[in-house]
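Below you'll find the structure, written out as structure tokens, and then a few comments.
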Amino acid sequence: MLENAKKIIKKHGFIIAIIVFAILKQILITNIPITAYPNQGYDDDMMVEMAKNIRAGNWLGNYNSNILVKGPVFPTILAIINYFGLSYISTMNIIYTIACIFFIYVLKDIFKSKKSLFATYLVLLFNPVSYAFWTLQRVYRNGITLAQVLFVIGSFFAIYQRREKSVKRILPFSIIGGITLATLWLTREDGIWILPFVLVVVAINLVSVVIQYLKNNKKELKKINWSEFISKSIVVILPIIILFTSLHITRAINYKKYGVYVYNEINDGYFGKVIKIIYSVKTDEDIQYVTVTRNKINILYECSETLNSIKPELEASMDAWANNDRHPGDMQVEDGWFWWALKRSY
């Protein structure tokens with residue numbers, strides 16, 4: 001019996017260690033409390049209210065000026081957790097642990113020893129950020145972002161590693177990469193930072209596929225298996241296809257529910273364009289953390305009849321938000337709060 005156990009450990013020791021430490025992490029976070037912020041009407045509380053509406057079959061809720069500011073993915077996850085009666089903290093940690101295991105799986109070929117790979121796994125698994133109060137403990141989208149990033153980067157790295165392999169070897173990672181990229185994009189309105197990485201990897205993979213087929217066929221185009229070539233090219237760009245399909249599906253749902261064909265008003269609507277125009281106006285003022293000063297707004301009132309038409313509402317809103325930043329009472333609204341002030345004004 002003991003001899004058999006030793007053989008199993010010797011043969012499957014790495015996998016056993018992965019599982020053991022995953023269970024250990026799960027046990028360690030079991031009693032971590034949720035850090036509730038019920039007064040965060042634009043962050044935590046918004047996610048919970050959206051989740052309640054999804055649970056009730058009412059999509060994101062009744063339309064208001066803020067309903068399409070943030071993506072539907074995290075509230076959907078909350079609704080699923082609530083539907084099955086699961087622990088929020090435990091579920092979010094399981095998702096992150098699976099992401100860590102997936103990430104080291106795709107990296108296994110570049111490590112010379114399993115010890116180095118296992119060390120990487122432990123660093124990821126027990127990363128303090130993964131159970132900090134502003135990520136795991138808050139009922140907010142920050143808790144899912146770490147896992148999404150690991151899945152996206154891991155998937156695209158796996159596609160790159162297998163770019164010269166068969167379509168079947170690449171397809172699972174293209175699907176995982178596409179789905180997680182779409183969830184990241186529909187979780188955070190600032191997810192555009194991942195796009196350059198995605199486009200560069202897709203471009204490299206696509207060029208590699210073309211070079212591979214030309215090289216294998218000695219540039220004789222008649223001998224190229226066009227069906228296989230086209231299939232492989234599609235699989236390489238599949239994550240982008242999944243992303244755009246997901247965005248259009250979300251737009252369609254929002255259009256049916258609210259009459260607005262956008263997936264997010266910040267990145268996909270007129271409001272985002274207005275914010276960019278306001279931010280682009282330059283003045284001589286230099287106030288830390290404040291891009292839109294009161295002086296700039298006064299100048300814009302004179303230049304824009306539309307903005308001037310909501311001046312009383314915007315001034316009152318800015319007065320309220322000025323008390324929520326690093327310097328309450330200075331009447332300036334810091335970046336990150338200004339667009340909420342503007343959103344409440346119309």
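The values are calculated or read from the model by the stated rules, or taken from the named source; none is laboratory data. Everything quoted here is computed from the prediction, not taken from an experiment. Cβ coordinates were reconstructed from backbone atoms using ideal geometry, including for glycine residues, and neighbour counts include every protein chain displayed.
Among (1) surrounded by fewer than 19 Cβ atoms within 10 Å (Cβ to Cβ); (2) assigned to a helix (DSSP H, G or I); (3) under 16 Å from the mean Cα position of the chain (by Cα), where does residue 134 come up short?
Here residue 134 meets the rest and fails (2).
What is the residue count in the stretch 185-209 for residues that are surrounded by 15 or more Cβ atoms within 10 Å (Cβ to Cβ), without any contact (Cβ under 8 Å) to a residue 40 or more places away in the chain and within 26 Å of residue 68 (Cα to Cα)?
1
Which one of 33, 75, 38 is on the phi < 0 side of the Ramachandran plot, crowded, with 18+ Cβ neighbours inside 10 Å and either out of contact with any Cys (no Cβ under 9 Å at 6 or more places or on another chain) or touching a residue at least 60 places away in the same chain (Cβ under 8 Å) (or both)?
Among 33, 75, 38, only 75 is on the phi < 0 side of the Ramachandran plot, crowded, with 18+ Cβ neighbours inside 10 Å and either out of contact with any Cys (no Cβ under 9 Å at 6 or more places or on another chain) or touching a residue at least 60 places away in the same chain (Cβ under 8 Å) (or both).
If residue 214 meets every condition in (1) surrounded by 14 or more Cβ atoms within 10 Å (Cβ to Cβ); (2) part of a helix (DSSP H, G or I); (3) touching a Phe, Trp or Tyr at 6+ places or on another chain (Cβ under 8 Å) apart from one, which number is that one?
Just one mismatch for residue 214, condition (3).
Yes or no: residue 307 within 20 Å of residue 183 (Cβ to Cβ) and surrounded by 17 or more Cβ atoms within 10 Å (Cβ to Cβ)?
no
Got a number for residues in the stretch 53-68 being surrounded by fewer than 18 Cβ atoms within 10 Å (Cβ to Cβ) and among the aliphatic types (A, V, I, L, M)?
1
Tell me the residue from 170, 179, 175, 204 that is in contact with a Lys or Arg (Cβ under 6 Å, 6 or more places away or on another chain) and modelled with pLDDT of 90 or more, please.
None of the others qualify; the one that does is 170.
For the stretch 229-319, please list each of the helices (runs of 4 or more DSSP H) lying entirely inside it that holds at least 3 residues being under 24 Å from the mean Cα position of the chain (by Cα).
265-268, 270-280
With closer than 24 Å to residue 19 by Cβ, among the charged types (D, E, K, R) and over 21 Å from the mean Cα position of the chain (by Cα) as the only criterion, which of 165, 112 stands out?
Exactly one of 165, 112 is closer than 24 Å to residue 19 by Cβ, among the charged types (D, E, K, R) and over 21 Å from the mean Cα position of the chain (by Cα), namely 112.
Given (1) closer than 24 Å to residue 265 by Cβ; (2) without any contact (Cβ under 8 Å) to a residue 12 or more places away in the chain, identify the lone condition not met by residue 172.
Among (1) closer than 24 Å to residue 265 by Cβ; (2) without any contact (Cβ under 8 Å) to a residue 12 or more places away in the chain, the lone unmet condition for residue 172 is (1).
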